[in-house]
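Read the figures in this text as sums done on the coordinates, not as results from a lab. In this text, all values refer to a predicted model and were calculated from it rather than measured experimentally. For neighbour counting, all protein chains shown are included, and Cβ atoms are generated from backbone atoms with ideal geometry for every residue, glycine included.
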Amino acid sequence: MSESYGMAGKRVLITGGSGGIGGATARLLAERGSRLILVDRDEAALAAFADELRSGGAEVLAIVADVTVEDDVKRYVAEAVAGFGGIDGFFNNAGIEGKIQSALELDYSDWNKVIDVNLNGVYLGLKYVGRQMVDQGSGAIVCTGSIASERGLPNTVAYNAAKHGVLGLVRTFASELGGTGVRVNAVFPGMIDTRMLRNIASQLMPEMDGAAGAAAAGAAAAPLGRVGRPEEVAQLVSFLMSDQASFIHGAGVPVDGGALAVMDNKG
Ligand SMILES: NC(=O)c1ccc[n+]([C@@H]2O[C@H](COP(=O)([O-])OP(=O)(O)OC[C@H]3O[C@@H](n4cnc5c(N)ncnc54)[C@H](O)[C@@H]3O)[C@@H](O)[C@H]2O)c1
């Protein structure tokens, strides 16, 4: 097997492309020779990250867009096609954590913010990148679910409902797109050490700093006894996008240190 693991020259679009998991995936795929289209709403972080990857020799298109805005989604697809001629891999990954609050207390406006990014944005990406890939007759889509796609988690009702919804989207698109040459799957990260998890941890455990809180949350949730690294999610995304995963379709694959394998690891 070559060092590119089948990803050299692939045109890969990543939403949330300058964040923790999206950024680690972009780095790995740049090393493997993919051509990248990075989409994020954080203009400054996106520009700096794209420059860093380019200075390492990668070919990168950076597109500032909000995944909840339908015209932005149409535009990021159109710009990717104008720039690179098509899209081979799509990591449908942008997400927010929202407010950490009980289901009985959460404001409807806070519910809507999370559903908008984590469910509506994922649907819009599937729809418009999916159309492009069906026209091409090929492509592989990976959506970011979560261990929250399969389990209830207290104080995260909108996040949890949206992540369950991501699995429903993946299964439905998989059922519709069989035979088109397009595969659709999800990854289910467990506790992964990024800005998002550090922010959640510092809200739940204000006595600890975010990094220590993320480490503690990861150790408590997973039989492997530690928090995950975004690079560990990136490895799975790369595999699912490659032709090595040619018979994997409609799946949600955990990358969680075993968290979903156990009922409760609190001892
Ligand atoms: N970190 C974890 O423990 C964990 C676990 C399971 C799933 N996830 C999921 O992984 C994905 C990536 O999260 P992360 O941990 O890398 O967090 P992160 O905050 O580091 O990255 C998220 C990125 O998405 C971007 N983004 C947010 N809303 C956007 C919008 N409307 N339009 C465009 N870009 C937008 C942000 O600017 C940011 O760059 C999310 O879907 C998250 O729910 C994370």
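Listed values, structure above:
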{"read-out": "Dipole magnitude of the chain about its Cα centre (Cβ charges: Lys, Arg +1; Asp, Glu -1), debye to nearest 20", "value": "500 debye"}
{"read-out": "S175-Q244 FRET efficiency (beta carbon distance; Förster radius 25 Å; 0.05 resolution)", "value": "0.65"}
{"read-out": "Label zone at S4 (point 7 Å along Cα-to-Cβ), backbone N below 17 Å, the stretch 230-249", "value": "238-245"}
{"read-out": "FRET efficiency, K74 to E43 (Cβ-Cβ, R0 25 Å, nearest 0.05)", "value": "0.85"}
{"read-out": "Calculated over the stretch 152-256: convex hull of Cα atoms, volume per residue (Å³)", "value": "105 Å³"}
{"read-out": "Additional length obtainable on full extension of the chain from Y108 to R229, 0.36 nm per residue less Cα span", "value": "40.3 nm"}
{"read-out": "Förster-model FRET efficiency, 41 Å R0, L204 and Q136, C-beta, rounded to 0.05", "value": "0.40"}
{"read-out": "Percent of alpha-carbon pairs separated by more than 16 Å within the stretch 6-130", "value": "60 percent"}
{"read-out": "Those lysines that a straight Cα-Cα span of less than 26 Å connects to K127, excepting residues fewer than 8 apart in one chain", "value": "K10, K74, K113, K163"}
{"read-out": "Counting DSSP beta bridges with both ends in the chain, the antiparallel % (nearest 5)", "value": "0 percent"}
{"read-out": "Overall Cα dimensions of the chain - principal axes, largest extent first, Å", "value": "50, 37, 36"}
{"read-out": "Of the DSSP H helices in the chain, those whose Cα atoms cover at least 15 Å axially and whose Kyte score averages -0.5 or more", "value": "20-31, 43-55, 70-84, 121-136, 157-177, 210-221, 230-241"}
{"read-out": "Under-5 Å amide H pairs with C143, H placed in peptide plane, nonlocal only", "value": "N92, N185, A186, V187"}
